[in-house]
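Dropping the structure in here first, questions after.
Throughout, read-outs are computed from the coordinates displayed, never taken from laboratory work. Predicted, not measured: the structure shown is a model, and the values here were computed from it. Backbone-built Cβ (ideal geometry, glycine too); neighbour counts: all protein chains shown.
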Amino acid sequence: MFEVTETLQLEGVGYRWPGRASFELRVPNLTLARSETVLLLGESGSGKSTLLSLICGTIIAGSGRVCVAGTDIAALSAGQRDRFRAEQIGLIFQQFNLLPFASVQDNILLPLRFAPERRNRLDDPKQETARLCHDLGLPVGVMSAKAGALSVGQQQRVAAARALIGMPPLIIADEPTSSLDAATQATFLKLLFAQSRAHGTTLLMVSHDARLSSQFDRVIHMTDIAQTTRGTA
């Protein structure tokens, strides 16, 4: 499906947030393979959010290379990065970021409006939406329901379906299970892994919960891949 075998590569990356109490993050090397499920662990302030922003191209490294699906993000203009992010990266946010008064179907289909490549991978986007809802354990008829009327667990699965639709090479999940009980959390992860592996999608999930480690192909600690410094600008 994807010609590159390494979905994500960071080489010699450095970034410094401007300001009086500046924060600098350096990542010498990080590689994620196609279909790999990776858990990224780190305490608050360890640079997880900065790393995700670099991967997504919302900020650009001052040095080094960030490549997603074989493309060096720094080589793209701001507008091109926005389009590239929509095409190549599915995002699952901690707060889900659903449109509460829109239907489940419309929420899931939303990324395809900005990502024609993802749209073109599907013969029938609405049929794919129904399949994702079924496979993620959502009830029959849920597609017409308003997203804001769903339970937290159901909203989370809708957010996962929105990230998965159109089979982007990389899924980034930022603390997506923090508000779930243990049983719902385990069920959600099992379903997410199954969908990711079925389509050759790489999953990078960020958390501070080391208890999830055994469920992933690989566990990465921020302290092992990155160096952070703080000081005056």
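Starting from the stretch 1-101, pick out the GluC sites (Glu not before Pro) whose DSSP state is loop and whose Cβ has at most 13 other Cβ atoms within 10 Å.
Passing sites in the stretch 1-101 are Glu3, Glu43.
Among Ser207, Ser77, Ser196, determine the one that fluctuates most according to a GNM of the chain built with springs between C-alpha atoms less than 10 Å apart.
Ser77
Hey, another quick one. Identify which of Asp174, Asp82, Asp123 has the largest mean-square fluctuation in a Gaussian network model of the chain, with springs joining Cα atoms closer than 10 Å.
Between Asp174, Asp82, Asp123, it is Asp123 that shows the largest mean-square fluctuation.
Treating cross-link reach as a plain straight distance, find the lysines whose alpha-carbon is under 22 Å from the alpha-carbon of Lys146, omitting any fewer than eight places away in the same chain.
Lys126
How high is the FRET efficiency between Leu99 and Leu122 when r is their beta carbon distance and R₀ equals 25 Å, given to the nearest 0.05? If you can, show how the numbers build up before the last one.
Working: r = 21 Å, r/R0 = 0.82.
For Leu99 and Leu122, the calculated efficiency is 0.75.
Between Leu109, Ala182, Leu192, whose Cα lies farthest towards the positive end of the dipole of the stretch 6-232 when Lys and Arg beta carbons carry +1 and Asp and Glu beta carbons carry -1, centred on the Cα centre?
Of Leu109, Ala182, Leu192, it is Leu109.
Mind checking the dipole of the chain: about its Cα centre, +1 per Lys or Arg Cβ, -1 per Asp or Glu Cβ, Debye to the nearest 20? The partial results should precede the final answer.
Numbers: 23 positive and 21 negative charges, 74 e Å.
Magnitude of the dipole: close to 360 debye.
Additional query: Counting only other residues whose beta carbon sits under 9 Å from that of Thr229, what net charge do I get with K and R as +1, D and E as -1? Display every interim value, and only then the final one.
Working: positive: Arg16, Arg26, Arg230; negative: Glu24.
Counting the neighbours of Thr229, the net charge comes to +2.
Here is a follow-up. Count neighbours as other Cβ atoms within 10 Å of each site's Cβ, and list the chymotrypsin sites (Phe, Trp or Tyr not before Pro) in the stretch 30-107 that are DSSP loop with at most 12 such neighbours.
Counting only loop positions with at most 12 other Cβ atoms within 10 Å, the chymotrypsin sites (Phe, Trp or Tyr not before Pro) in the stretch 30-107 are Phe101.
If I take every Cα pair under 8 Å that is 6 or more residues apart in the stretch 6-232, average their sequence separation and divide by the length, what percent do I get for the relative contact order? If you can, show how the numbers build up before the last one.
Numbers: 423 pairs, mean separation 75.8, N = 227.
Normalised by residue count, the contact order of the stretch 6-232 is 33 percent.
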